[in-house]
Structure formats: structure tokens, C-alpha cells
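Here's the structure we're looking at; comments come further down.
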Amino acid sequence: DKGNHRHFMQKEIFEQPTVVAQTLGRLLDPNTGSVRLPDLPFDLGSVKRITIVACGTSFYAGMVAKYWIEKFARVGVDVDIASEFRYRDPVYETGGLALFISQSGETADTLAALRHAKAGGQHIAAVVNVPQSTMAREADVVLPTYAGPEIGVASTKAFTCQLAVLASFAVALGRAKGHVSEAEEAKMVADLERIPSQMAKILHHQEDLVDIARKLAKARDILFVGRGIHYPIAMEGALKLKEISYIHAEGYAAGELKHGPIALIDENVPVIGLAPSDGLFDKSLSNLQEIMARKGRLILVSDHLTAFTENEMHGSFAMPSASDLTSPFLYALPVQLLAYHTAVEKGTDVDQPRNLAKAVTVE
Ligand code: F6R
């Protein structure tokens, strides 16, 4: 049932405050200000390196997790797409931790990678949305997302619920490793608990994205750029847009543009810049200026829109200010909504895009 939404995808985008709260609710204890993970069959404090493997949108959640885990827990993380990982002869550390992320828990490549890592003596953790799935059964420990059934082929609420689990995991690991103090943990838990209401506020402004989507619908190529933890969100935005609107889109690390992709930029190419006013803001601004100098059409998504004048920009969307811990949850929303409204504008089959299946159970 789509309720009063036109598509399942839209319904699922709007469910995010609820399902992220549900997922966080299983992991955070507001009374003690601490994270409570399910019982682990290994000692979190002795984890030395983590291998994360997934496909598609779940892979981008893994990339976000890499930034969090390295920053908060100082544990090195390798992230790879399953179809490459399993055929690459990966090197396992004895007793290492391998983490698999999958909405369906059935994706053939991710499942094969899980079995490979298990045979390689790794502890196996799985972040899955379907509790009775094969990956949930075969993992040593399941870190469930509580997104509820996701019907739209393009993943939305499963992604932000994966982020909820991974953020909580990163904080717990940081604590176990002694890099996050009790007070810092309490502050992070409080920040995480504010996310659902912040998400609801952003969703409330979806109309502001409809005009931008109308412009995007006319484009042939679109770039999404971000830095740091917003780089995977840029890639997620490009994936979402291409899969449902069929417009060619790429996500790039803003600092990488000048190494090639900037050659694509002209007055016909919209560039969606994800640029929160964090420690990388000045760097992002100079990258966005380079784009505008080549007549690229900047659409700025930021909490600091005054960095450019209205005339300089092709469009903009105002964000609340956020920390590295909370910001990926929030920036995921405008990129999902831009993809959604662009697809609606183009008249594509949003919930059942061509050539795609909800669970990819073949290699
Ligand atoms: C994109 C999308 C796919 C899936 C990918 C992995 O919107 O839905 O990229 O994320 O096929 O699927 P799961 O998470 O079920 O392993």
C-alpha cells in the first residue's frame, strides 16, 4: 500500500525518519547515553582490521562506514564491491572481521564473498534488512536494520538504516578501542538520536527540489561531487539518478575533478555539489569555482548557501548544519529526492526501472 504517495519509492523516502529511529532505537540507550550492540562472538577491542564487502547502494553505505570507523575507532577498513573482492584472492588477517552489508541478504556476489571470508577464517558480521535471509543465517553475528520491506527497486530507506547500524557500530568500536570516551559516546548517541527529526524537517522541504529536478530532467549528463564522507553520498546520488531517470550521472570526489572529469563540464552539465561547511568546505568551494569557471551549472546543497550568489547558481537546497556523524544521513535525502522527482518528470517507471531486479541472486 502506497498510502497517499504516488510511488513506493516516495513512500519509502518519507518513512526514513521512522525506520531510522526504529533501527537506532535497537542500538542506543538514551538513559545511559551508550551504544548496545548485539552479543558478539569476538572481542570488539581486539579487532585490528575490517573488511567491508557489498554491492551497489549497500557498498556506498560501507564507504561511509570506512570514514566513521577510521575516524572514531582508528581501525583500518578496506571496502570493496563483492563481485571484485571474491575473485581477487584477498589477503585475510588471522581472526579478522569481515562485514557484509545487504538489504536483501541474498545478493549472489555478496553471499559468495561472505562464504569466501568464512572459509578464510574471518569473523563474519552481516548488516541485513531481511532477518530470515541466507546471509543472516550464515553470519556469525547479525546487525539488523529495521527498515521494513523495501518495495521500490531503488534502495532508499534500507540505505539510511544501514548507516544507522554502521554509525552505532563505529561508535561502539571507538569506545572498545579507547578512542571514544564515555562523555564523547554520550554526545554521539545524543547526536544520533536527533537525526530522525532532522530528516523529517528536510523532507518537509521536498517541494524546493521539484524545480531543480525539472532542470535536471533536460540534461544528458549530470555530475555529483562531494568530499570526504560526502563522496560516497555523491556516488549514491548518481547511482539513484541513473537507475530511475536513465540520465547518465557520475559521482566524483570533488578533488579528483581536475584529474580528468572536468573535461566534461560545459554549460549543459548540471553539477550537484554536496558541500557542508565542515573542515573541507574551503577545498570544496575552490573545486566548485573551477566548475563554474567552465560554465558548469552548479546546484549547491549546503548549510552555507551564501558562498555563492543566486545568479551564480543554477539551483540550491538549504541544509541544516551537521557533524561528520550525522551529515551522511541528511545529505542522502536531497539526492534521493532529486533522483525521484527527475524520474517522475521524465515519466519513467520509478518503482520498476528497466533492466533491474530488487534482489540480484545471479552473478
Ligand atoms: C540501488 C540498489 C542496488 C542494491 C544492490 C545490493 O538502488 O538498490 O544497487 O543496493 O543490488 O543489494 P542488497 O543490498 O540487497 O545486497
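The values are calculated or read from the model by the stated rules, or taken from the named source; none is laboratory data. Since we're looking at a predicted model, the values are computed, not measured. Note: ideal-geometry Cβ built from the backbone for every residue, glycine included; neighbour counts use all protein chains shown. These area figures cover heavy atoms from the full protein model, side chains too; ligands, DNA and RNA do not enter into them. Shrake-Rupley method; radii C 1.70, N 1.55, O 1.52, S 1.80 Å.
Any idea which residue in the range 97-111 is farthest from Ile81 (Cα to Cα), counting only those that are touching a Cys at 6+ places or on another chain (Cβ under 7 Å) and either near the ligand (Cβ under 8 Å from one of its atoms) or aliphatic (A, V, I, L, M) (or both)? Reasoning before the result, please.
Applying the first criterion (touching a Cys at 6+ places or on another chain (Cβ under 7 Å)) to the range 97-111 yields 107, 109-110.
Among the residues that remain, those that are also either near the ligand (Cβ under 8 Å from one of its atoms) or aliphatic (A, V, I, L, M) (or both) are: 107, 110.
On the way: Thr107: 12, Thr110: 8 Å.
Among those residues, the one meeting the criterion is Thr107.
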- Query: Regarding Phe169, is this residue of a type outside the set (Val, Ile, Thr), within 14 Å of the ligand (Cβ to nearest atom) and closer than 28 Å to Pro90 by Cα?
  - Reply: no
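Within the range 146-154, is even one residue within 13 Å of the ligand (Cβ to nearest atom) and hydroxyl-bearing (Ser, Thr, Tyr)? Explain how you work it out, then say what you get.
First, the residues of the range 146-154 that are within 13 Å of the ligand (Cβ to nearest atom): 147, 149-154.
Filter again for hydroxyl-bearing (Ser, Thr, Tyr), leaving none.
Looking for residues that are within 13 Å of the ligand (Cβ to nearest atom) and hydroxyl-bearing (Ser, Thr, Tyr), one finds none in the range 146-154, hence no.
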- Looking at Pro320, Pro276, which one is free of Cβ contacts under 8 Å to residues at least 60 places away in the same chain, open to solvent by less than 60 Å² (accessible area, probe 1.4 Å) and away from the ligand (no atom under 16 Å from the Cβ)? Pro276
- Out of the range 151-180, which residues are over 23 Å from Asp39 (Cβ atoms) and open to solvent by less than 50 Å² (accessible area, probe 1.4 Å)? Gly152, Val153, Ala154, Ser155, Thr156, Lys157, Ala158, Phe159, Thr160
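Okay, residues lined up against (1) touching a residue at least 12 places away in the same chain (Cβ under 8 Å); (2) of a type in the set (A, V, I, L, M, F, W, C); (3) open to solvent by 20 Å² or more (accessible area, probe 1.4 Å):
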position: Glu84; (1), (2), (3): no, no, yes
position: Glu93; (1), (2), (3): yes, no, yes
position: Gly96; (1), (2), (3): yes, no, no
position: Thr110; (1), (2), (3): yes, no, no
position: Gly120; (1), (2), (3): yes, no, yes
- Task: Read through the list (1) open to solvent by less than 20 Å² (accessible area, probe 1.4 Å); (2) within 16 Å of the ligand (Cβ to nearest atom); (3) free of Cβ contacts under 8 Å to residues at least 60 places away in the same chain; (4) not in a loop (DSSP other than H, G, I, E, B), then give the number of the only condition that Leu114 fails.
- Result: (3)
- Determine whether the range 341-355 contains at least one residue that is under 30 Å from Leu192 (Cβ atoms) and more than 24 Å from the chain's Cα centre (by Cα). no
- Message: Condition first: in contact with a strand residue (DSSP E or B) (Cβ under 9 Å, 6 or more places away or on another chain), acidic (Asp, Glu) and in contact (Cβ under 8 Å) with a residue 24 or more places away in the chain. Can you find one or more residues in the range 294-310 that meet it?
- Response: yes
- Test: Ala253 is open to solvent by less than 80 Å² (accessible area, probe 1.4 Å), under 27 Å from Val20 (Cα atoms) and touching an Asp or Glu at 6+ places or on another chain (Cβ under 9 Å): no
- Query: Does the range 215-229 include one or more residues that are within 22 Å of the chain's Cα centre (by Cα) and part of a helix (DSSP H, G or I)?
  - Reply: yes
- All conditions in (1) open to solvent by 20 Å² or more (accessible area, probe 1.4 Å); (2) in contact (Cβ under 8 Å) with a residue 40 or more places away in the chain; (3) within 16 Å of the ligand (Cβ to nearest atom); (4) not in a helix (DSSP H, G or I) are true of Gln132 except (2)
